[in-house]
Amino acid sequence: MSKALDRTAFRDFKSLDCLDRMVITGNIPEMQHHDAMRAYCKRHKINEFKIPNWASPIRDRLDAHFHDLAVANGAAEVGWSNKISRKDDFVKGLLAENFRYGIIAVIKSMEGCRTFYRAQAKTVKGSPFYLRSSKCVHYYLYINDKYLGLCQIRIQTYAPFTIQIIMNGHRI
C-alpha cells in the first residue's frame, strides 16, 4: 500500500487551516421520491391533478418572504435573466462597492430543475408521479459571513423544493 493511501498517515491530522467549499443539498423528506409524493398528497388532501395550483401559493409566499428579507436588510433584490455572467461574480461586485457582512443580495431566477409531475391518465398503475426536467423559479440568498465567507442558499419553488447551501469557506 502506498503512503498516500495509508490511513495511518492521517493519525496526526488535527485540524484544517481553513474551510474549503462545502455544499449541502436536500429537499423535503416527504417528497423525496414518487411514492412519497403520492402519500404526501393523500395525507394532506391535495388533488394530485392540481399540483401546479397547490405549489403556486407556496411560491408566492416565498416571493413575499424574500422580498421582505431584502428590504429589511438593505440587500440588493435582483431578477436574474443574464445567462452570460455568473451570480457569484455579480455579488462579489456588490461587495467590492460596499463591503459588509450579512445579507448581500436576493436573486430570483428561472432555471432548469427536476420537478414532480403527475401522469394525466387516471388509470396509471403504481405511482402516477414522476420526476422530469423542467424549469421553475429559484431564489438565491447571498450572505457574507465573517468566518465562512460568501455563502449561498438556493431554494427551488416547486416540488420537491430542493434546497442547496454553499459555504465558500474563504474570505473574499
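Within the range 43-64, one or more residues are in contact with a helix residue (DSSP H, G or I) (Cβ under 6 Å, 6 or more places away or on another chain) and more than 23 Å from ASP145 (Cα to Cα).
Could you say whether any residue in the range 25-46 is part of a loop (DSSP other than H, G, I, E, B), surrounded by 11 or more Cβ atoms within 10 Å (Cβ to Cβ) and touching a strand residue (DSSP E or B) at 6+ places or on another chain (Cβ under 6 Å)? The answer is no, given that none of the residues of the range 25-46 is part of a loop (DSSP other than H, G, I, E, B), surrounded by 11 or more Cβ atoms within 10 Å (Cβ to Cβ) and touching a strand residue (DSSP E or B) at 6+ places or on another chain (Cβ under 6 Å). Residue check: SER85 meets all listed conditions (1) under 24 Å from ASN168 (Cβ atoms); (2) modelled with pLDDT of 85 or more but one, namely (2). Within the range 79-105, how many residues turn out to be open to solvent by less than 30 Å² (accessible area, probe 1.4 Å) and not in a helix (DSSP H, G or I)? Residues meeting the conditions: 4. Cβ separations smaller than 9 Å between residues 6+ apart or across chains give the following pairs from the range 97-119 residues that are in contact (Cβ under 8 Å) with a residue 60 or more places away in the chain to residues that are open to solvent by 20 Å² or more (accessible area, probe 1.4 Å) and in a strand (DSSP E or B): PHE116/TYR130; PHE116/LEU131; PHE116/ARG132; TYR117/TYR130; TYR117/LEU131; TYR117/ARG132; TYR117/SER134; ARG118/TYR130. In the range 119-150, of all residues being among the β-branched types (Val, Ile, Thr) and modelled with pLDDT under 80, the one that is surrounded by the most Cβ atoms within 10 Å (Cβ to Cβ) corresponds to VAL124. Count of the range 151-172 residues, restricted to those that are of a type outside the set (D, E, K, R), open to solvent by 40 Å² or more (accessible area, probe 1.4 Å) and under 9 Å from the mean Cα position of the chain (by Cα), is 4.
Of the residues making up the range 134-165, those that are in a strand (DSSP E or B) and in contact with a helix residue (DSSP H, G or I) (Cβ under 9 Å, 6 or more places away or on another chain) are CYS136, VAL137, TYR139, TYR140, LEU141, TYR142, ASN144, LEU150, GLN152, ILE155.
The values are calculated or read from the model by the stated rules, or taken from the named source; none is laboratory data. All figures in this text were calculated on a predicted structure; none of them were measured in a lab. Using ideal geometry, Cβ is built from the backbone for each residue, glycine included, and neighbour counts are taken over all protein chains shown. Please note that ligands, DNA and RNA were not included when accessible areas were found on the heavy atoms of the full protein model with its side chains. Shrake-Rupley method; radii C 1.70, N 1.55, O 1.52, S 1.80 Å.
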